[in-house]
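Please read the structure below before turning to the comments.
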Amino acid sequence: MILRRFFSSSFRLVSSSSSSSSSKLGGGCHRDGFRAVSSMPEPCQSSPLSDDESCDFDWDSLGFGLMPTDYMYIMKCSKDGKFERGQMSRYGNIELSPSAGVLNYGQGLFEGLKAYRKRDGGFRLFRPDQNALRMMTGAERMCMPSPSIEQFVDAVKQITIANRRWVPPLGKGSLYIRPLLIGTGPVLGLAPAPEYTFLIYASPVRNYFKEGSAPLNLYVENEFVRASRGGTGGVKTISNYAPVLKAITRAKSRGFSDVLYLDSVNKRDLEEVSSCNIFLVKGNVISTPATNGTILPGVTRKSIIEIARDRGYEVEERAINMEELFDAHEVFCTGTAVGVAPVGSITCMDRRIEYQTGADTTCQELYSTLVGIQTGTIEDKMGWTVEIS
Ligand code: COI
């Protein structure tokens, strides 16, 4: 019955005993006895694994790498700016024009959110509406049409249900859901693409960094910048990410976990880490760089600020001079992929600064509260989670 409830707007559902449809959601069996039908493409080649409710996978070996799952979701938007009915199909390659806007001019956005397994075996999403909103804001900046909040959240529910056997057991990770909005129409001159595609795929993941849950060692970058005023640092465009690869690769080759960027004008104020936001803790005060257009407004960032305030911390969103790194007691990073990650050291201007980490830290307190809400072991007073079953 789960599918009947959530495959709402984009798919028509029939009992699996119906013989009226030749197209169905994949070739495997769904134990609830329903399958989706629509004007979907023929299902791709069967997954090497069956569509069983569970998968025989060694969850303890999970890291943050792509593990292809069973289905992806595709919704196209035509020239009139309207998104057509979405379609679910087997996960696989897509066909693109060589002159697609996304390939030639980087017109694209992505999002990241997670589905978490609960103690009772069901699962839930964390704040999918916030990702939908951020995609809308980003789309406006990147001259793209975007799905409505309802279309986005509905599609995320569908992709989670279709790939539900890939939601790891409680405590072993989560299902990372990756929505993309890309210019797929052909362009040659520099202009917005004539057509767009909203696509979602998913992959089970665990720790983002190779350090696992051990503290990170960051490097303050003073050659390369991540974003500049008037640019696109405040939206989740794909074009923000390739330019930091050089800095990350260099830092990793020197033994650091990741890079902390400074503002592009004075190279003085902290901005963010390549894949996450940053927080400094000093006593009861927690500070994080204000989202002034160059900083990504992270959903985890926003949630941690709200949790911290609720727990009595004073939280400041403001410009943070890098000199403040020398006075902080703790530093931690937040992001969907990263979660809440403690920072053990930061190397800034050739000086290594070390921070408190471990069980009795603010970072650990906020992390445990967030994960508790996400997985249902702590009551969700804020109404952030969306139950799937
Ligand atoms: C996320 O945290 O979801 C992101 O999109 C960051 C990405 C670099 C993995």
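Derivation of every value follows stated rules applied to the coordinates shown; laboratory data play no part. Since this is a predicted model, take the numbers as computed values, not measurements. Every residue, glycine among them, receives a Cβ derived from its backbone with ideal geometry; neighbour counts consider all protein chains shown.
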Among DSSP bridges having both ends in segment 216-375, what percentage is antiparallel? Round to the nearest 5. 60 percent
Can you figure out the FRET efficiency of A290 with S253, using R₀ = 25 Å and their beta-carbon distance, to the nearest 0.05? 0.20
Mind listing the phi-derived Karplus ³J(HN,Hα) values for segment 81-95, rounded to whole Hz, using 6.51, -1.76 and 1.60 with θ = phi - 60°, and x for any glycine or proline? x, 9, 7, 7, 4, x, 10, 9, 9, 4, 4, x, 5, 10, 9
The chain: angle of helix 128-141 to the longest principal axis, Cα-based, in degrees nearest 10: 80 degrees
Please figure out what share of the DSSP beta bridges in the chain is antiparallel and state it in percent, rounded to the nearest 5. 80 percent
From DSSP H assignment alone, runs of 4+ in the chain each adding -39500 (n - 2.57), the sum over residues rounded to the nearest 500 puts [θ] at 222 nm at -5500 deg cm²/dmol
Sequence order, segment 303-310: Karplus ³J(HN,Hα) from phi using 6.51 cos²θ - 1.76 cosθ + 1.60, θ = phi - 60°, Hz rounded, Gly and Pro as x, gives 5, 5, 4, 5, 5, 4, 5, 4
For the chain, built as a Gaussian network whose Cα springs stay under 10 Å, the top-fluctuating residue of F209, F332, F198: F209
Which of the aspartates and glutamates could a cross-linker span from K157 if the Cα-Cα distance has to be under 12 Å and same-chain partners fewer than 8 positions apart are dropped? D129, E387
Given H placed 1.01 Å from N in the peptide plane, which residues other than close sequence neighbours of E316 have an amide H under 5 Å from its amide H? I286, S287, T288
Post the alpha-carbon centroid distance, segment 231-293 to segment 140-165, in whole angstrom. 27 Å
Here is the link list: K79/K236; K118/K381; K114/K252; K236/K302; K236/K267. Which ones come out longer than 19 Å on Cα distance? K79/K236; K114/K252; K236/K267
For an R0 of 22 angstrom, estimate the FRET efficiency from the Cβ-Cβ distance between K210 and K246 and round to the nearest 0.05. 0.70
Chain lengthening between L66 and D120 when straightened (0.36 nm per residue, less Cα-Cα): 16.8 nm
Determine ³J(HN,Hα), in whole Hz, for all residues of segment 176-187 in sequence, where each value follows from phi through the Karplus function 6.51 cos²θ - 1.76 cosθ + 1.60 and θ = phi - 60°; x replaces Gly and Pro. 7, 10, 10, x, 10, 10, 10, x, 9, x, x, 9
